[in-house]
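A short write-up of the structure that comes next.
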Amino acid sequence: MSDSESGDAQPLAQAEARIAACEDLDALKAVEREYLGKQGMVAQLLASIPEQPPAERPGVGKRANELKRGVQAAVDSHRDALAGARVDAERRGEGFDASLPPPRPQRGSLHPITQVTRELEDLFQSMGYQVLDGPEVETDYYNFEALNIHADHPARDSHDTFFCEGDGHLVMRTHTSPVQARALEKFEPPLRVVAPGKCFRQESVDASHDHTFHQMEGLVIDRDISVAHLVGAMKTLLRGIFDQDLEVRLRPGYFPFVEPGFELDARCPFCQTGCRVCKRTRWIELLPCGLVHPHVLRHGGLDPNEWGGFAFGLGLSRLVMLRHNIDDIRHLLGGDVRFLEQF
Ligand code: DAH
């Protein structure tokens, strides 16, 4: 041992005796902290060096380091000894209850967005809609052009687009509406589709904006479609979501791919007199929608004199937040297991 050299064995010998006397890990930790902690004896010794006469300093430093190494070694070996003793005791049947249930395997659950998406898919399928999927990396044509949003259209500014590298014609889709344009090209009318999925916008992220969020697009094409059909479908949708009949109102809304366009508000399902969710207005803004613009129909190869339709863009992320009273959108895709375990 190095104490013969340092000539001052006492602190280490004392420490070793105290460590050996520890009967459990907590006691051991406390002694370890006394010596090796931020305010421990070793730290104090080292801190005292500048106050020592110069000739003494190397000796004090050396003793501090020896103490540190010695205490650490004694703590480590005693910790192993305690662990070994515990295993031995368990082997002898002490402290081990064979009747306890084994730890349960961890089970995952469906993400709240997946839950809502599947519920709504079921609802719409029961009404004869097809569920469609579309690419998340979309061409400029489908994301904008086919939806009557031309290159210099001011509506592009509000879309805060992520452009993909390359020739500039690929974007991360900013909404699910491009699936409308694809559906019009692909299928013969009459047509009823919904298309849930991820959308992306280059937004400054805060409690109510994330760069990635979910929408569900809906499109119905038929002859003689009117706003009454749209309102009827939206009421059915709201009943499916909130399990009750909610009064609705239409406000004018501008979206280049519908005419007329609306913001459809529903009576707040959470209160009678005004609450935090509806910001005391008794209305919640949920569903932008409208009658499909003739240009969009033409882009899809349909004659607007023969065919008409309505479309809507339900914000799934917002819906999930409303439903579970989640106050920050960043929780949704944050990947924190503690959040996800609640569903
Ligand atoms: N795509 C729009 C957006 O993300 C939402 C929207 C508005 C979709 C009106 C529609 C619609 O189908 O008719 O801002």
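Restriction of the chymotrypsin sites (Phe, Trp or Tyr not before Pro) in segment 231-279 to DSSP coil positions whose beta-carbon has at most 16 other beta-carbons within 10 angstrom yields Tyr254, Phe270. Compare Pro102, Pro58, Pro189 in a GNM of the chain, Cα atoms joined below 10 Å, and give the one with the largest fluctuation. Judging by the Gaussian network model, the answer is Pro58. Split the accessible area of the chain by element, probe 1.4 Å, and carbon with sulfur accounts for 50%. Under 5 Å between amide H atoms, partner at least 5 residues away or on a different chain: which partners does Trp283 have, H built in plane at 1.01 Å? Amide H neighbours of Trp283, under 5 Å, 5+ apart: Cys268. Comparing Gly168, Gln244, Val194 along the charge dipole axis of the chain, the residue lying farthest to the positive side is Gln244, per the Cβ-charge model. In degrees, nearest 10, range 0 to 90: what is the angle between the Cα axis of helix 57-91 and the longest Cα principal axis of the chain? Around 70 degrees separate the two axes. Applying both filters, DSSP loop and at most 15 other Cβ atoms within 10 Å, to the GluC sites (Glu not before Pro) of segment 60-133 gives Glu94.
Select from segment 144-191 those GluC sites (Glu not before Pro) which occupy a DSSP coil region and have at most 14 other Cβ atoms within 10 Å, ordered by residue number.
On the way: sites: Glu145, Glu165, Glu185; in loops: Glu165.
Here the GluC sites (Glu not before Pro) that fit, given the DSSP loop and packing criteria, are Glu165.
Only the Cβ atoms of Lys and Arg (+1) and of Asp and Glu (-1) were treated as charged; on that basis the dipole of segment 3-91 about its Cα centre amounts to roughly 280 debye. Against the chain, whose longest principal axis comes from its Cα atoms, helix 10-20 is set at around 60 degrees.
For Lys198, a cut-off of 14 angstrom between C-alpha atoms picks up these aspartates and glutamates, skipping any fewer than 8 places away in its own chain: Asp133, Glu136, Glu138, Asp210, Glu217. Cysteines in the chain that lack a partner Cβ within the 4.7 Å cut-off: Cys22, Cys164, Cys199, Cys289.
If you average the alpha carbon positions of segment 110-155 and of segment 282-343, how far apart do those two centres end up, in angstrom? If you average the Cα positions of each part, the centres end up 8 Å apart. Computed over the chain with a Gaussian network model linking Cα atoms closer than 10 Å, the most mobile of Asp152, Asp303, Asp80 is Asp80.
Assuming charge only on the beta carbon of Lys and Arg (+1) and of Asp and Glu (-1), the dipole of the chain about its Cα centre is about 780 debye to the nearest 20. Compared with the dominant principal axis of the Cα atoms in the chain, helix 227-242 is inclined by about 30°.
Counting only lysines at least 8 places from Lys38 when in the same chain, those with an alpha carbon closer than 18 Å to its own are Lys29, Lys68. Shape index of the chain: Rg/Rh, with Rg the Cα radius of gyration and Rh the Kirkwood radius from the inverse mean 1/r over Cα pairs, equals 1.31.
For the chain, modelled as a Gaussian network with Cα springs under 10 Å, which listed residue fluctuates most, Ala266, Ala85, Ala207? Per the Cα network of the chain with a 10 Å cutoff, Ala85 tops the list.
Give me the net charge for the shell around Ala207: Cβ to Cβ below 11 angstrom, other residues only, Lys and Arg +1, Asp and Glu -1. It works out to a net charge of -3. Summing +1 for each Lys or Arg and -1 for each Asp or Glu among the other residues whose beta-carbon sits under 12 angstrom from that of Leu25 gives -2. DSSP bridge analysis restricted to the chain gives an antiparallel fraction near 95%, rounded to the nearest 5.
In the context of the full set of protein chains, residues of the chain present 57 Å² of accessible surface per residue (probe radius 1.4 Å, heavy atoms only). Between the residues Ala85, Ala17, Leu28, the greatest Cα displacement towards the positive end of the dipole of segment 3-91, with unit charges on the Cβ of Lys, Arg, Asp and Glu, is found for Leu28.
The values are calculated or read from the model by the stated rules, or taken from the named source; none is laboratory data. Please read these numbers as outputs of a predicted model, since none were measured by experiment. Every residue, glycine as well, gets a Cβ built from its backbone with ideal geometry; the counts of neighbours run over all protein chains shown. The area values use the complete protein model at the heavy-atom level, side chains included, leaving out ligands, DNA and RNA. Shrake-Rupley method; radii C 1.70, N 1.55, O 1.52, S 1.80 Å.
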